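Here the structure comes first, spelled out in structure tokens, and everything after it is commentary.
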Amino acid sequence: MKILIASDSFKNSLSSHNVANAIEIGFKRVLDYFEYEKVPLADGGEGTIDSLKDSIKNYEEIEVDVLNPLEEKIKAKYILTDDNTAVIEMAKSTGIELVKEENRDILNSTSFGFGQQIADAVKKGAKDIILTIGSSATNDVGIGMLQALGVKFYDEHNEEISHKKILTAKDIYKIENFDISSLKKFIDINFVVACDVDNPLTGKNGATYTFAKQKGASADDILFLEESILKYSNICEKRLQQKVHNEKGTGAAGGVGFALQAFLKAKSRSGIQTIIEFINLEEKIANSDLIITGEGRVDEQTIYGKTIMGVLNIAKKYDKPVIIIAGGLDEGYEKLYSYGASAIYDITPISKPLEELLPHTEKNLISTAYAIANTLAIDINK
């Protein structure tokens with residue numbers, strides 16, 4: 001029997017690579033004579049590049065100097081393959097995990113570093129660029145990123161506000177015009193945006209109202225940002241002669257999705273679907289007898305484009321059994337059975353608080369995998 005372990009990370013505790021290793025350890029204690037293949041997964045958020053490296057051949061991991069959301073100098077990595085495809089993870093330069101919770105300042109945060117990553121990849125010859133834009137710390141509607149790509153922004157007096165100053169979210173409301181002549185060099189680049197968010201740019205389900213609070217925004221910040229972005233998006237759509245602010249994914253990464261679609265003609269796609277195709281997961285599932293997948297939290301929201309659903313959809317196509325192992329289960333997880341899940345397990349003892357459980361995630365995961373393997377061994381030996 002061939003077992004495919006294809007899991008997402010367990011956020012704040014184990015990477016997808018370490019999750020796969022823990023499950024394999026638990027299973028091999030009982031079923032060591034089976035064949036195992038591990039394919040760490042991600043849906044476009046933090047950890048995407050690290051999960052891809054095990055599945056890509058002939059690539060270079062490039063490190064570039066960038067600015068983090070608070071304009072501090074850091075180094076960020078991206079992948080460039082031999083066929084000139086770059087995979088750039090926004091979380092590496094502009095991720096929320098790069099800023100301590102007590103230091104998060106959404107009005108003074110910028111996506112400039114993400115633009116630096118993109119510019120470096122193009123300079124090094126990238127022709128196809130996959131951009132994973134989950135887990136961002138910013139809500140600057142991508143003006144920092146665009147500035148790093150050479151776009152100039154002007155105020156009502158036609159004075160350049162992007163001159164000798166990195167733009168942040170608090171500068172959005174000042175913008176009355178822009179010069180995009182620098183973007184001509186990107187006209188032949190194929191940009192694909194991979195994320196698991198389909199929110200529009202503005203409104204109650206938009207970037208600001210949905211995500212800004214978790215990035216440190218106050219109620220007043222949210223009102224200011226929403227008003228600023230509404231004004232800015234109207235200016236953009238008049239200048240660019242296109243309406244995209246209501247398109248799916250334009251609200252991703254604090255509006256970076258809007259900037260990529262409107263200014264760089266990027267195509268927005270499901271994060272997990274993009275990753276699945278990139279690593280040829282369908283072939284791996286078709287050639288396996290049992291698939292084990294999972295992620296940190298499994299609930300009703302899991303059915304809306306999360307990693308597990310990507311795995312279930314392919315497995316159902318080939319009539320393959322799927323076992324789901326979750327860090328924790330919440331209301332509505334049972335719905336996954338109707339999408340093809342064979343069994344769903346929870347590694348978390350409910351009697352303990354989360355902060356006590358996180359340090360023991362690996363141990364609990366191995367124990368759960370061991371218990372599942374014992375159950376399978378009983379059925380196999382009958």
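Things worth noting here:
- With both labels modelled 7 Å from their Cα along Cα-to-Cβ, the Glu356 to Glu282 distance reads 4.7 nm.
- Remark on Ser268: its backbone amide H falls under 5 Å from those of Val193, a criterion applied only to residues 5 or more positions apart or on other chains, H modelled at 1.01 Å from N.
- Annotation: aspartates and glutamates with alpha-carbon distance below 19 angstrom to Lys2 (same-chain offsets under eight excluded): Glu24, Asp32, Glu35, Glu37, Asp54, Glu282, Glu283, Asp289, Asp319, Asp379.
- Taking θ as phi - 60° and the Karplus parameters 6.51, -1.76 and 1.60, the scalar couplings of the stretch 69-80 work out to x, 9, 6, 8, 6, 9, 10, 10, 9, 8, 10, 10 Hz in sequence order, x denoting glycine and proline.
- Long-range amide H partners of Ala326 with built H, under 5 Å: Tyr345, Asp346, Ile347
- Relative contact order (%) - the chain, alpha-carbon pairs under 8 angstrom, separation at least six: 19
- Using bins of 10 Å that start at zero, the share of Cα-Cα pairs per bin across the stretch 320-365 amounts to 25, 47, 25, 3, in whole %.
- When its C-alpha radius of gyration is set against 2.2 N^0.38 Å (N residues), the chain gives a value of 1.04.
- Highest mean packing comes first when the peptides 139-151, 107-119, 202-214 are listed by Cβ atoms within 10 Å, giving 139-151, 107-119, 202-214.
- Mean shadow area of the stretch 19-61, taken as a quarter of the surface of its Cα convex hull (nm²): 3.9
- Sorted on the mean count of surrounding Cβ atoms within 10 Å across their residues, most packed first, peptides 20-29, 254-263 read 254-263, 20-29.
- With respect to the chain, whose longest principal axis is taken over its alpha-carbon atoms, helix 219-240 is tilted by about 70°.
- Computed from point charges on the beta carbon alone (+1 for Lys and Arg, -1 for Asp and Glu), the dipole magnitude for the chain about its Cα centre is near 580 Debye.
- Protection proxy ranking, peptides 297-303, 86-92, average beta carbon neighbours within 10 Å, highest first: 86-92, 297-303
- 15 Å reach of a label modelled at Tyr304, 7 Å along Cα-to-Cβ, counting backbone N of the stretch 236-261: 248-253
- Principal axis extents of the Cα atoms in the stretch 1-101, from largest to smallest and rounded to whole angstrom, are 51, 38, 17.
- Among the listed pairs Lys317/Lys363; Lys92/Lys213; Lys92/Lys265, those whose Cα-Cα separation exceeds 31 Å are Lys317/Lys363.
- Percent of alpha-carbon pairs separated by more than 26 Å within the stretch 48-272: 29
- Helix axis angle, 16-28 relative to the chain longest principal axis, alpha carbon, degrees: 0
- Cross-link table Lys11/Lys170; Lys53/Lys352; Lys127/Lys248; Lys11/Lys185; Lys28/Lys53, entries beyond 28 Å C-alpha to C-alpha: Lys11/Lys170; Lys53/Lys352; Lys11/Lys185
- Remark: spin-label model distance Asn374-Glu159 equals 7.3 nm, labels positioned 7 Å along the Cα→Cβ axis.
- In the chain, helices alone account for a calculated mean residue ellipticity at 222 nm of -9500 deg cm²/dmol, with every DSSP H run of four or more residues adding -39,500 (n - 2.57).
- Tail weight of P(r) past 18 Å, computed on alpha-carbon pairs of the stretch 279-369, percent: 45
- Crossing angle, helix 307-317 versus the chain [Cα axis fit, 0-90 degrees, rounded to tens]: 60
- The chain: antiparallel DSSP beta bridges as a percent of all, rounded to 5: 35
- Percent antiparallel among DSSP beta bridges (both partners in the stretch 48-272, rounded to 5): 55
- With bins 5 Å wide beginning at 0, the percent of Cα pairs of the stretch 197-344 falling in each bin runs 2, 9, 16, 15, 14, 13, 12, 10, 6, 3, 1.
Bear in mind that the values in this text are calculations on the coordinates, not laboratory data. Quick caveat, the model's predicted, so the values are computed rather than measured. Positions of Cβ are generated from backbone atoms using ideal geometry, with glycine treated the same way; all protein chains shown enter the neighbour counts.
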